[in-house]
Every structure is written in structure tokens, then in C-alpha cells.
1. Largest first and in whole Å, give the semi-axes of segment 4-138's equivalent ellipsoid, each being the square root of 5 times a Cα gyration tensor eigenvalue.
2. Considering only C-alpha atoms, what is the centroid distance from segment 421-466 to segment 288-354, in Å?
3. What ³J(HN,Hα) values, in whole Hz, does the Karplus curve 6.51 cos²θ - 1.76 cosθ + 1.60 give for segment 564-571 when θ = phi - 60°, with x put for Gly and Pro?
4. FRET efficiency for residue 15 and residue 524, Cβ-Cβ distance as r, R0 = 35 Å, nearest 0.05?
5. Mind checking which aspartates and glutamates have their C-alpha under 19 Å from residue 510, skipping anything on the same chain fewer than 8 residues away?
6. For 561, 33, 91, which order do you get if you count the other beta carbons within 10 Å of each Cβ and list the fewest first?
7. Using the Karplus curve 6.51 cos²θ - 1.76 cosθ + 1.60 with θ = phi - 60°, work out ³J(HN,Hα) for each residue of segment 93-100 in order, rounded to whole Hz, and write x for Gly and Pro.
8. Taking the Cβ of residue 427 as the center, what net charge do the other residues with Cβ under 11 Å away carry, scoring Lys and Arg +1 and Asp and Glu -1?
Amino acid sequence: MKTRIVLLAINSKYIHSSLAVWLIAAGIEKHARIPYEVSILEATIHQTCNVIADNVSAFKPDIIGVSAYIWNARILPGLLAGLRGRLPEARIVLGGPEAEHNIGYWIEQGADCVLPGEGELTFPAYLNSLSCAGGPGNLSSSLYAPPEQSPQPGHTPQKPSPQPEHTQPELSPQPEYTQPELSPQPERSPPESALQTAYLASLKGRIAYLETSRGCPFACAYCLSAGTGVRYFPMESVKPQILRLSRSEAKTVKLTDRTFNSDAVRAKEIFEYVISLSTSACFHFEVAADLFDEQALSLLGTAPPGRIQLEAGLQSFCEPALNAVSRKTNLKKAERKIKALLRNGNIHVHIDLIAGLPYETLEYFKLGFDRAYALKAHTLQLGFLKLLHGSVLRADAGNLGLQYDLEAPYEIQSTPWLTVQDIQTLKHTENALQNTRNKSRFLQTLDYTISASGMSPFSFFRALGEAAPHSGASLTDYAVRIFGFCAALPGICKNELKDKIACDWLAMVKGKNKPPFLKTPDGRHKQIMKLAEQRLGHEVRREEVSILSTGAAVYADSQTRNPVTGLYKTHMLFPPPP
């Protein structure tokens with residue numbers, strides 16, 4: 001009878017999928033000396049430990065492998081206890097960055113073993129050792145590292161030398177790293193294995209993840225990939241993976257490469273391939289904007305709208321903070337490149353800032369926020385520094401006076417430059433930003449209000465977050481709060497504000513009842529609906545029409561959505577002159 005293994009992934013949301021467990025399963029299939037019965041189970045942090053443990057128990061596993069990350073670390077102790085109670089004879093094996101850098105803690109919590117490094121290699125090697133030892137009960141080590149396992153071929157750990165600005169990293173030629181054969185093959189190749197078929201079928205509209213390289217050439221002190229060097233997967237396996245995922249049910253494919261465009265030539269080849277595909281899938285890349293050259297920008301300008309998303313990390317505009325964490329970015333160049341990427345309107349651009357970096361005060365952060373907001377990216381994420389186990393910054397936190405939560409995700413609480421109250425102020429700001437602009441909500445309203453009131457973007461979002469926080473309210477109720485807050489600001493015309501919200505509402509939602517303050521007794525709705533239907537060629541509901549204070553009407557085309565912003569197209573009908 002085969003030994004039964006359950007590989008368990010606990011994702012932060014249902015829409016997310018796990019690549020790690022499938023690669024480990026492929027590694028077992030390829031490298032284990034004897035066959036195993038491997039089952040893959042994906043859960044979410046929103047399920048209870050009892051439910052997850054019951055689902056695992058149903059497989060009656062002999063060995064349970066769990067991937068540990070900061071997003072699921074809080075529930076793992078309870079889950080491990082539940083698994084131990086239900087399956088006392090099973091061996092529980094943890095891997096992943098959260099486990100590998102905090103081994104003692106997880107052994108205390110009930111794990112039998114923690115596997116460091118890349119699971120598709122270490123897990124089958126561990127199984128081979130178990131089989132040699134006569135079974136799970138005969139191997140007692142809590143940390144297993146197969147001999148000669150690290151570094152891997154092509155892995156050259158090194159810190160990049162200090163650079164005056166963010167330039168193309170000098171990458172020495174390295175052997176390419178070959179993944180286990182989970183990679184979908186070109187159509188001319190033999191049919192994929194049962195494991196490959198099962199992986200693609202598991203996506204079902206969720207976000208798929210794909211890596212074309214591992215490691216990072218840079219050395220940011222808060223990142224676990226700092227100074228690891230880069231290994232690239234062979235292009236002859238990367239392109240077939242992209243092709244098959246583009247034909248799967250995944251709506252978004254996120255590439256996990258830490259700095260996708262660190263090799264400019266390779267990045268352009270993959271961009272060109274993605275652009276050439278016939279697919280409705282969107283591909284998401286993490287990039288350093290300042291590394292783009294004019295050829296790359298020109299190429300990206302040819303992408304079909306919505307085909308590509310770019311996440312361009314800025315982190316901070318405070319040079320002392322960037323220097324303190326060894327973050328190398330040419331900020332002026334990055335700003336120019338981000339503006340160029342946005343110019344064609346075909347690519348969704350996501351930029352981010354990290355609050356809590358050493359030497360950055362609230363005033364510094366405010367200036368950086370306004371500078372970032374002025375770029376008009378589709379998403380401006382305001383994140384908070386996390387002191388990860390194994391990071392350089394966590395090791396130096398005491399010397400720097402950084403106070404952080406001792407439980408995952410280890411978020412910053414205060415620094416010598418940011419008080420607890422400052423952090424709370426930034427939390428309010430983030431709340432307002434995340435529930436408006438970052439969700440493509442109330443965009444015209446934001447532009448009008450910030451301009452007419454004379455407030456800086458940071459001051460506006462801070463005040464909105466403090467006065468009208470989004471705390472689980474419905475979108476209708478939140479719109480009422482936004483209207484009440486904005487209407488009370490100096491320089492705001494209530495009728496014009498109401499018109500902006502009316503236009504935003506039709507673009508944001510599909511046939512949803514309007515907030516009470518937008519409902520008008522104007523009798524022209526039927527006439528407007530009839531004209532709109534004649535122009536659009538399909539039915540228009542009353543909820544998709546608004547009469548503005550100027551007498552003009554606006555209606556939404558609920559069948560035409562911008563693939564970059566996600567907003568419905570709206571049209572204006574102006575009243576005839578008297």
C-alpha cells in the first residue's frame with residue numbers, strides 16, 4: 001500500500017491559487033525513489049481550523065505537508081493542534097519562508113519537521129530518507145536538509161555592490177534552472193500528465209501564479225530574496241507555460257519574479273510573446289520602472305488593453321530611508337517611465353509606498369505620497385513595513401529602534417521617526433485610498449474635490465479616512481458618507497459634487513440602486529432611456545440613467561467595460577438649446 005501524502009496550501013482568499021504545492025507534487029513524482037499517493041488540498045484563512053483539519057483527515061494521510069507564509073501563520077498553530085488530535089500517527093512537515101526562518105517555534109507548535117529551501121527538491125529528498133530509514137516513525141530529525149542541496153545549480157548568492165542609482169544589474173551568466181515537469185507543454189508535445197491536467201483544471205477563474213526566474217539581484221533589507229542572485233528558467237519551458245495558462249480558465253496570471261525586468265532583453269522577449277497571444281487573460285508583472293528603456297516602453301505601448309498589468313515598486317521618496325534599507329531606485333527616472341507607461345491607457349499600472357521605513361517621518365511620507373499620487377497610476381498601494389523572519393532589517397530592528405507586532409505579519413507599530421499615532425494616521429489614509437481610488441471608485445469626485453478644496457491628496461485622504469472610514473459599509477452607505485464629507489469642505493459646490501458622484505456611480509456599478517441623494521424626480525428618465533437604447537442597441541434600465549443639475553443626462557453602457565480600469569463606459573446627452 002502506498003504511503004499517502006496530503007500537500008496543503010492555505011491561501012489568503014479563494015481567488016488565489018497555490019503554485020508551491022503543485023510544484024512539490026511534481027517534484028515528488030520526478031525525484032522520489034518509490035511511488036506515493038499524493039493529494040493536493042487548497043484552503044483559505046477564512047475557513048476554521050476544524051473545517052480544514054477535517055478536510056485533511058478525510059484523506060487519511062501518513063504525511064502532511066503544509067506551506068507556511070505570513071498570511072496563514074496565525075491560524076497554523078490551531079490547525080497543527082487539530083491535525084495532531086485527529087491524526088496522531090501522521091507526520092506533519094512544514095516548509096515555506098515563514099517556517100524555514102523560525103524553525104524552533106514551529107517544532108514547538110507541533111510540526112515534526114521543517115524543510116528549508118525549495119520544496120520540489122527538499123520534499124522528495126526527505127521522502128527518500130524516510131524510505132531508507134524504514135518509514136516516517138523512524139526519522140526523528142526536526143530539520144532536514146539533504147546533502148549538497150544548497151546552493152542549487154546556477155544559484156550564486158551575492159550582494160550587489162552599492163550603486164549611485166538604480167541601473168541595469170550586472171548579471172553573470174548562470175546555468176538555467178530546470179523545474180520539475182509540471183510545466184504545460186506545447187501542443188506538439190505528448191499530452192500533459194494527469195498532474196498537469198489537474199493543476200490547470202484547479203484554476204477555475206482564480207489567479208494563477210507563474211515564475212520565470214527565482215531570486216533577485218538587489219538587496220532590499222526587508223525582503224527575503226535580498227542578494228540571492230537570479231536563476232532563469234529556460235525560455236523553451238517558460239513560453240509553453242504562458243501559452244497554456246493563457247488558454248486556461250485563469251483570468252489573471254501573476255508572474256512572481258521579484259524584478260521581472262532585471263534582464264531587459266529577456267523581459268522584452270516575454271512581453272512580446274504575451275502581447276502576441278490570442279487570449280482574454282491578464283498578465284501581471286512586478287517591475288522596476290526605472291530599468292525600462294525606450295524600446296521596452298514602445299513595445300508595451302502595443303499591448304492590447306488589459307493584457308498587461310505592471311506593479312512598479314517605489315517604496316519611498318525619502319532618500320535616507322531608501323539608503324537605510326539598501327533600496328536602489330532612480331526616482332526621477334522611475335517617475336518619467338511610469339508616466340510614459342500610463343500615457344497610452346492600455347496598461348494597468350500599480351505603484352506602492354511602504355510606511356515605517358527607517359528615517360522617514362510623517363512629513364516626509366506626506367510629501368512622498370503627494371508626489372506618487374500626482375503620477376495618476378491606477379493603484380497607489382499604501383503598505384506598512386513588515387519585519388520578516390530571516391530579513392536583514394528584522395535582525396537590525398533593535399539597533400534602529402523599530403517596534404513591530406510579534407505575531408504575523410509582523411507589521412511595524414512605531415519607529416523613532418513615526419509614533420503610534422502617526423501610524424494610525426496612515427492607517428486612516430490607507431483606508432480611504434483603498435476604498436476609493438484603488439478600486440476605481442469615485443474618480444471624478446476625487447479629482448474635483450481635491451482640486452476645488454485646495455487640499456493636498458494626502459490631507460484629503462487622511463481627513464476622509466478619519467471622518468468617514470469604510471468599515472464594512474455597503475457601497476451605497478459609503479457614497480452617502482463621501483458626499484457628506486466632501487460637501488462640507490471649503491470651495492465645494494454641492495450640485496457639482498452631486499453630478500460628479502452621479503457620473504462615477506454609473507461607471508462603477510451595473511444597474512445598482514442609487515444613493516438617496518442622487519435620486520431625482522425629473523420626468524425625462526423614460527425619454528433618456530429610449531434614446532440611450534437606440535444608440536446602444538440594447539436595453540437600458542432606469543438605474544443606468546441620471547439627470548444632472550445642469551439639465552444634461554448621463555447614461556451607462558453596461559455591456560462595455562474598460563479592460564484597464566474596470567469602469568463602464570458612460571455617455572452624455574445635452575438638452576437642446578432653448
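Throughout, read-outs are computed from the coordinates displayed, never taken from laboratory work. Everything quoted here is computed from the prediction, not taken from an experiment. All Cβ positions, glycine included, derive from the backbone under ideal geometry; neighbour counts span all protein chains shown.
1. Details: eigenvalues 88, 51, 44 Å².
Each semi-axis is √(5λ); the values are 21, 16, 15 Å.
2. One Cα centre to the other: 22 Å.
3. 8, 9, x, 8, 6, 6, 10, 10
4. Working: r = 41 Å, r/R0 = 1.17.
Taking R0 as 35 Å, the efficiency between residue 15 and residue 524 is 0.30.
5. Residue 510 reaches 477, 499, 533, 539, 543, 544, 557.
6. Values: 561 16, 33 11, 91 21.
Least to most surrounded, the residues fall as 33, 561, 91.
7. Taking θ as phi minus 60°, the curve returns 10, 10, x, x, x, 5, 7, 4 Hz for segment 93-100.
8. Details: positive: 462; negative: 411, 422, 430, 466.
Net local charge, residue 427 excluded: -3.
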